[in-house]
Amino acid sequence: MLITLAKSHYRWSENADVVVRMPCGAGVGAGPFHSQTNEAWFTKTPGLKVVYPAFPYDAKGLLATSIEDPNPVLFFEHKALYRSIYQDVPTDYYTLPLGKAALLKEGSDVTVITYGAGVHWALEVLEKHSDIQADLIDLRTLQPLDTEAIYTSAKKTGKVIILQEDSLFGGIASDVSALIIENCFEQLDAPVKRVASMETPIPFASALEKQYLAKNRFEVDLLNLIQY
């Protein structure tokens, strides 16, 4: 159904302004079905937009924009962030543009690209290692993708690490990595590094879930990249 709706505005100039809210994500002990984050299934479909905010302020503004958009939008909402991230959010109506990433930190050592819960994982590691001066990019929307922000930062720092909660193969990090290599290769000082969760269903048990997630591997991979 979504695949058909995604073509409606292009084919007939008719609005298909449908927003599907997608609770997702691990860290809540919901197991292999309800803890999935399967955004990469949908970014391939032309006309279908994919939004994945990490903060309440962004969620409200991007949701309003998604409702106004004439194309269908999948709006991913990480369940663990419902319970843990708080912000003062204006009560007035406002929108935020789709396809515009947020630069949360600025530095010249490395570019960290992520979204959703990965943003908070990255912030935690960068706070721990205050000597690492990083550009931290929160993609916010995966389709459309803010390639300008990605290329500008990659060319500036010369080192890029991409963090996603989803498993590695066929994920968002793979396409972002390919885009950087194709467009920024001469400015890179190291191979682009992808960090993702394990290629397995997500376990229920808390200890196993922690092993599954990319969060605990990100710090080691970031430090190795800095030393490259």
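Please enumerate, by chain and number, the lysines with C-alpha under 24 Å from the C-alpha of Lys128, excluding those fewer than 8 residues away in the same chain.
Lys105, Lys156, Lys159, Lys193, Lys210, Lys215
Once the Cα atoms of the chain are picked out, what are the Rg and Dmax in Å?
Using the Cα atoms of the chain, the pair Rg, Dmax is 17.4, 54 Å.
Binning at 5 Å from 0, report for the range 2-82 what percent of all alpha-carbon pair distances ends up in each bin.
3, 16, 24, 21, 17, 11, 5, 2, 0
Counting other Cβ atoms within 10 Å, keep those with at most 16, restrict to DSSP loop, and tell me which trypsin sites (Lys or Arg not before Pro) in the range 88-147 are left.
Sites meeting the loop and neighbour criteria: Lys100.
Please find the FRET efficiency linking Asp189 to Tyr57, where r is the Cβ-Cβ separation and R0 is fixed at 41 Å, and quote it to the nearest 0.05.
Numbers: r = 34 Å, r/R0 = 0.83.
After rounding, the FRET efficiency stands at 0.75.
Assuming R0 = 30 Å, can you tell me the calculated FRET efficiency for the pair Asn15 and Thr152, based on Cβ-Cβ distance, to the nearest 0.05? Each step should come with its number before you reach the end.
Values: r = 33 Å, r/R0 = 1.11.
It comes to 0.35.
Pick out, in residue order, every one of the GluC sites (Glu not before Pro) in the range 132-228 that is DSSP loop and has at most 11 other C-beta atoms within 10 Å; say none if there are none.
Of the GluC sites (Glu not before Pro), the ones in loops of the range 132-228 whose Cβ has at most 11 other Cβ atoms within 10 Å are Glu199.
Give a quick list of chymotrypsin sites (Phe, Trp or Tyr not before Pro) in the range 1-108 that DSSP marks as loop, anything other than H, G, I, E or B, with at most 16 other Cβ atoms within 10 Å.
Here the chymotrypsin sites (Phe, Trp or Tyr not before Pro) that fit, given the DSSP loop and packing criteria, are Tyr86, Tyr93, Tyr94.
Read-outs throughout are calculated quantities, based only on the coordinates presented, and are distinct from any laboratory measurement. Note that the structure is a prediction, hence the values are computed from the model and not measured. FYI the Cβ positions are ideal-geometry reconstructions off the backbone, even for glycines, and counts take in every protein chain you see.
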